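Below: the structure, in structure tokens.
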Amino acid sequence: MERKSLPDLIAGLVGGKLRYALAELAALPRAAVVVEDHYSQVFALEHVRPAVVADTLAEVQVRWPGVPIVFCETRKLAEEWT
């Protein structure tokens, strides 16, 4: 299980670190990435093109289908889901 804020998720996607983390998580019997924000906030980003982020999220979900990326609205909900 890996919990991330939206800025952490974006940094990992853009910098490539998230791909390594997903590859490691995929080797586990159960794994997920839990993001403490709404998916819609991806489209409110200013420093990176939202379409690039959405495309990259789709790409990593296809590459590692056993590691879902779950968006939870709040930190409390992310804690409960985890």
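Taking (1) assigned to a helix (DSSP H, G or I); (2) exposed (fewer than 12 other Cβ atoms within 10 Å of the Cβ); (3) over 13 Å from the mean Cα position of the chain (by Cα) in turn, Tyr20 satisfies each apart from (3). When the residues of the stretch 33-53 are filtered to those that are buried (at least 17 other Cβ atoms within 10 Å of the Cβ) and touching a strand residue (DSSP E or B) at 6+ places or on another chain (Cβ under 9 Å), which remaining residue is farthest from Thr82 (Cα to Cα)? Top of the filtered list is Val42. Each residue in the stretch 5-17 was checked for being farther than 20 Å from Ser40 by Cβ and touching a residue at least 40 places away in the same chain (Cβ under 8 Å), and 0 pass.
Taking the stretch 23-42 only, how many residues are within 20 Å of Val62 (Cβ to Cβ), in contact with a helix residue (DSSP H, G or I) (Cβ under 6 Å, 6 or more places away or on another chain) and in a helix (DSSP H, G or I)?
Of the stretch 23-42, the ones within 20 Å of Val62 (Cβ to Cβ) are 23-28, 30-35, 39, 42.
Narrowing further to those that are in contact with a helix residue (DSSP H, G or I) (Cβ under 6 Å, 6 or more places away or on another chain): 31, 34-35, 42.
From what's left, in a helix (DSSP H, G or I): 42.
Result for the stretch 23-42: 1.
FYI, it's all coordinate maths here, none of it is from the lab. Computed from a prediction, not measured in an experiment: that's the story for all the values here. Virtual Cβ from ideal backbone geometry, glycine too; neighbours counted across all protein chains shown.
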